[in-house]
Amino acid sequence: MHAYDMLADGDRVLVAVSGGIDSLVLVRVLHDWRRKAPIDYDLFAVHIDMEPDQNRPGPAAEAVRSRLAGLPVPLRIIPAQWLPASPPADSPGSGRDICYTCARRRRKQLFDHAGALGCNKLALGHHRDDIIETFVMNMVYGGNISTMVPRQDLFAGRLSLIRPLSFLEKNEIRAIARQYNIEPVRTVCPLAEQTGRLEIRKMLTYLYRKIPGAGNHIFAALANVRADYLLREGGGGLDIRGEKHAD
């Protein structure tokens, strides 16, 4: 929170609550931190309903409402503007395409809702494992070295994405959830998380078992970039499709 100046006095913070354990813990952490912080900020929550029932919220949305019922944090449930369908079984890349499109559409809804509420911060529940997985995914699937960052300023500084759980591992978030008796809401993802991210997660889990401390080293490496020992753009001998080209 302090290293990235995530919050300031007078902020209006919108928390994206999917219903997963990470976003539910994030709401509780930000609420509790507000009570003891030397600053004052407004806190709102929003859930994008991926299974709206005509003019009523779907079961997962109602479960999110129930989980937040004991907190003085206003919750807005908004129906998803785009609902993904299950990908064809014979299309290996379609799952990644659907995930990308779904995430992009939901992110735009979050941006629009933040603007409508006059919020200048949008808090997301990503954690350290997500940051490492994104780093590896971008290398494997995107051919670039990048990842999520704990704070990202957008729209000429009018809105900042903040990820207060960035330095926590998933098992630490689960431990916090147990302390608060927080139970996650079931996922409504039509892919049941059978995505490229899951494959990367499995690969990293295997790596962590084989090399103790590997996760700590990868995370540290993201802030320890030695640019002089990286290839120049266009000098790798391969293009983004893996085809050789002349230097």
(request) Calculate, in nm to one decimal, what D9 and H31 gain on full extension: separation in residues at 0.36 nm each, minus their alpha carbon distance. (result) 6.5 nm
(message) Please rank V27, V188, fewest neighbouring Cβ atoms within 10 Å first, as an exposure proxy.
(response) V188, V27
(message) Within a 10 angstrom radius of the beta carbon, how do S146, S18 rank from fewest other beta carbons to most?
(response) S146, S18
(request) With N denoting the number of residues in the chain, provide Rg(C-alpha) divided by 2.2 N^0.38 Å, to two decimal places. (result) 1.09
(message) Looking at the chain as a GNM with Cα springs under 10 Å, which of L231, L207, L110 has the largest mean-square fluctuation?
(response) L231
(request) Write down the percent of antiparallel bridges among all DSSP beta bridges whose residues are both part of the chain, to the nearest 5. (result) 25 percent
(request) Would you mind ranking M6, M1 so that the residue whose beta carbon has the fewest other beta carbons within 10 Å leads the list? (result) M1, M6
(message) Beyond a 30 Å Cα-Cα separation, which of these cross-linked pairs lie in this structure: K108/K170; K170/K210; K36/K210?
(response) K36/K210
(request) Using amide H atoms built 1.01 Å from N in the peptide plane, name the residues 5+ places from K121, or on other chains, whose amide H lies under 5 Å from its own. (result) R12, L14, S160
(request) With only Lys, Arg, Asp and Glu charged, each at its Cβ (+1 for the first two, -1 for the last two), find how big the charge dipole of the chain is about the Cα centre; round to the nearest 20 debye. (result) 360 debye
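Each reported figure results from applying straightforward, stated rules to the coordinates on display, with no laboratory input. For clarity, every value in this text was computed on a predicted model and none was experimentally measured. All Cβ positions, even for glycine, are placed from backbone atoms using ideal geometry, and neighbour counts span all protein chains on display.
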